[in-house]
DNA sequence: AACTTGCAATTAACATGTTAAGTATGCGTG
DNA sequence: CACGCATACTTAACATGTTAATTGCAAGTT
């Protein structure tokens, strides 16, 4: 009884990924909303706090954002006083972005809760299954693209 | 050596889910772009084609869209002539949405390719791993929410 | 019937996703 | 040095995500 239609949404990978992501992100979004930063802005701040001064291209790569989105996010973060931007000393096309003390403080204020949510997920879902899931997702991401064959 | 910082992006579930979704959706989006419909519009059309006439609330539920997004999408689909909307016979708050022949034709024109992409994924990633991944994602989605404990 | 409460859909406002153009700078080559 | 091409953003334009407020209608209560 192979149907010629779409799979049930539970068996549709795109939708399953969507739902799973919402399940994980919901609580994090709620936490960040209280502080006035979005999920993506939080990601950028985290990257900057961990790796130090970076140029936008590398930030985009590490935080999984497209450059047009990042442009707007960096503007917002600058307005909020959470980052600073300066010209690259030798390459005038580039910038150097640095997190401010206020930015670090914001991270410090929320890291605990963030870790608590992570811990909740790990215990609630199971550490073994979480690892298995991450492995599968990373494998999927590593697939050769170009299914046009 | 337990660090007091964020996990590597490869081990961050939200980002891993994001990357995996992009891997799967990229080719589908490309296919749909040629026909002039978005990924979300395609989801709505599919739901309507499979389940017949529905009200917006149920469409939103089945296609994993929020009502405000769906409102705009239904407007766009109506403009494109792919769906029709009529008032609910007894409850004037509701509507009834139906896919048009043009809508069904659009699906017919792309279902083959869509299935080919699904098949590619299944073979490329492995049927067993794909099933395992879907199981884990569904389990995750089924978790009791409310980590504020 | 007036009141209250709840539901369906829309609107509003702001942020991001996505693709395509546009700008300015760096770089290699003739 | 002039030319052509690549790189690093930035803008633009449109669609969606997200939360809150709003409108119109339904249902139950007094």
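The values are calculated or read from the model by the stated rules, or taken from the named source; none is laboratory data. This one's a predicted model, so the numbers in the text were calculated from it and none came from an experiment. In this analysis, Cβ positions are derived from the backbone assuming ideal geometry, glycine residues included, and neighbour counts consider all displayed protein chains.
Might you check whether a residue that is within 14 Å of chain A (Cβ to nearest Cβ), within 24 Å of residue B:29 (Cα to Cα) and either more than 16 Å from the chain's Cα centre (by Cα) or more than 9 Å from DNA strand C (Cβ to nearest atom) (or both) occurs anywhere in region B:80-87?
Applying the first criterion (within 14 Å of chain A (Cβ to nearest Cβ)) to region B:80-87 yields none.
No - not one qualifying residue is present in region B:80-87.
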I'm trying to understand the selection: among the residues of region A:68-94, which are more than 9 Å from DNA strand D (Cβ to nearest atom), more than 16 Å from residue A:104 (Cα to Cα) and in contact with a helix residue (DSSP H, G or I) (Cβ under 6 Å, 6 or more places away or on another chain)? A:73
Considering residues of region A:54-68 that are within 12 Å of DNA strand C (Cβ to nearest atom) and surrounded by fewer than 14 Cβ atoms within 10 Å (Cβ to Cβ) only, the residue nearest to residue A:95 (Cα to Cα): A:67
I need every pair where a residue in region A:47-70 that is at negative phi has its Cβ under 7 Å from the Cβ of a residue that is surrounded by fewer than 14 Cβ atoms within 10 Å (Cβ to Cβ) and modelled with pLDDT under 95, sequence separation at least 6 or different chains. A:50/B:5
Within region B:105-130, count every residue that is more than 10 Å from chain A (Cβ to nearest Cβ) and under 17 Å from the mean Cα position of the chain (by Cα). 2
Exactly one condition in (1) near DNA strand C (Cβ under 7 Å from one of its atoms); (2) within 12 Å of chain B (Cβ to nearest Cβ) is not met by residue A:93; state its number. (2)
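Looking at A:28, A:99, A:15, can you tell me which residue is facing chain B (nearest Cβ under 10 Å) and touching a residue at least 40 places away in the same chain (Cβ under 8 Å)? Quick ask: steps written out before the conclusion?
Working: A:99 fails: facing chain B (nearest Cβ under 10 Å); A:15 fails: touching a residue at least 40 places away in the same chain (Cβ under 8 Å).
Selected residue: A:28, the only one of A:28, A:99, A:15 that is facing chain B (nearest Cβ under 10 Å) and touching a residue at least 40 places away in the same chain (Cβ under 8 Å).
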The lone exception for residue B:39 - which of (1) within 16 Å of the chain's Cα centre (by Cα); (2) closer than 17 Å to residue A:16 by Cβ; (3) more than 10 Å from DNA strand C (Cβ to nearest atom) it fails: (3)
